[in-house]
Amino acid sequence: MLKDKLKKYKIILASGSPRRQQFFKDLDLDFEIRLEDVEEIYPPELKAVEITDYLAELKANAFEGELNENEILVTSDTIVWHQNKALGKPKNAEEAFSMIKSMSNATHEVITSVCFKTKDSSTLLHDITKVTFNDLSDEAILYYIENYKPYDKAGAYGIQEWFGFMAVAKVEGSYTNVMGLPTAKVYEFLTTLV
């Protein structure tokens, strides 16, 4: 449907995330993957959505001067925001345990920003989903880290895995946003281009 309407455009997904790539396939979009190496560092005074907006735009700006007339570049960034700080990807098991333990029996926010860049313009959108965890035992957290190694995931967990089925008490907002892309918002924005 949308794929036919976007025929005159070439969609470029600048993400190495297998989940985001799968979402674009599942949305039935034709796209190519193009990656630039970007150091994901943001000014320390930024908070919550300011961080993801900044990083999504930073990733898009790495392609400045490289886009052709008919190309739409899509970049994005996701963080877990909890207790007034950003939880990125854990460096090791200790950090993963600490992140998950801090979210046990509490509500955190998953924030994703998406940047759509063309040769002449740039548009940012974001989505925020509230996720509430059950009271988690140390044993369950350690089991998850050992067996699922969630080191490539913001906040050290994947909602689509065993952990999500067991740990999540409530989701308020977009489920796919928690996996790294607010698919409905992305699709809706792309329909405005045709």
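A few remarks follow.
- Label zone (THR191, point 7 Å along Cα-to-C-beta; backbone nitrogen cut-off 20 Å) within region 20-43: 23-31.
- Karplus (6.51, -1.76, 1.60) ³J(HN,Hα), θ = phi - 60°, over region 178-185, in Hz, Gly and Pro reported as x: 5, 8, x, 7, x, 4, 5, 5
- The chain: angle of helix 49-61 to the longest principal axis, Cα-based, in degrees nearest 10: 40 degrees
- Cut-off of 10 Å, at most 12 other beta carbons, DSSP loop: longest stretch of the chain lacking such trypsin sites (Lys or Arg not before Pro): 92-194
- Treating r as the C-beta distance of SER137 and GLU50 and R0 as 35 Å, the FRET efficiency rounds to 0.50.
- In order along region 20-31, phi translates into HN-Hα couplings of 5, 4, 5, 4, 5, 5, 5, 7, 6, 10, 7, 7 Hz, rounded to whole numbers, per the Karplus curve 6.51 cos²θ - 1.76 cosθ + 1.60 with θ = phi - 60° and x for Gly and Pro.
- Label-to-label distance, LYS130 versus ASP30, with points set 7 angstrom from Cα along the beta-carbon direction: 4.3 nm.
- Between the residues VAL194, VAL38, GLN83, the greatest Cα displacement towards the positive end of the dipole of the chain, with unit charges on the Cβ of Lys, Arg, Asp and Glu, is found for VAL194.
- FRET efficiency, 1/(1 + (r/R0)^6) with R0 30 Å, evaluated for ASP120 and ARG19 via beta carbons: 0.50
- Multiplying the residue separation of ASN68 and ASN105 by 0.36 nm and removing their Cα-Cα distance gives an extension gain of 8.5 nm.
- GNM flexibility winner over the chain from MET103, MET166, MET179 (Cα, springs under 10 Å): MET166
- Rounded to the nearest 500, the 222 nm mean residue ellipticity of the chain from helices alone is -9500 deg cm²/dmol, with -39,500 (n - 2.57) taken per DSSP H run of at least 4 residues.
- Of the peptides 107-114, 64-71, the ranking by mean beta-carbon count within 10 Å, highest at the top, reads 107-114, 64-71.
Bear in mind these aren't lab numbers, they're just calculated from the coordinates by the rules spelled out. In this text the structure is predicted, and so the values were computed from the model without any measurement. Using ideal geometry, Cβ is built from the backbone for each residue, glycine included, and neighbour counts are taken over all protein chains shown.
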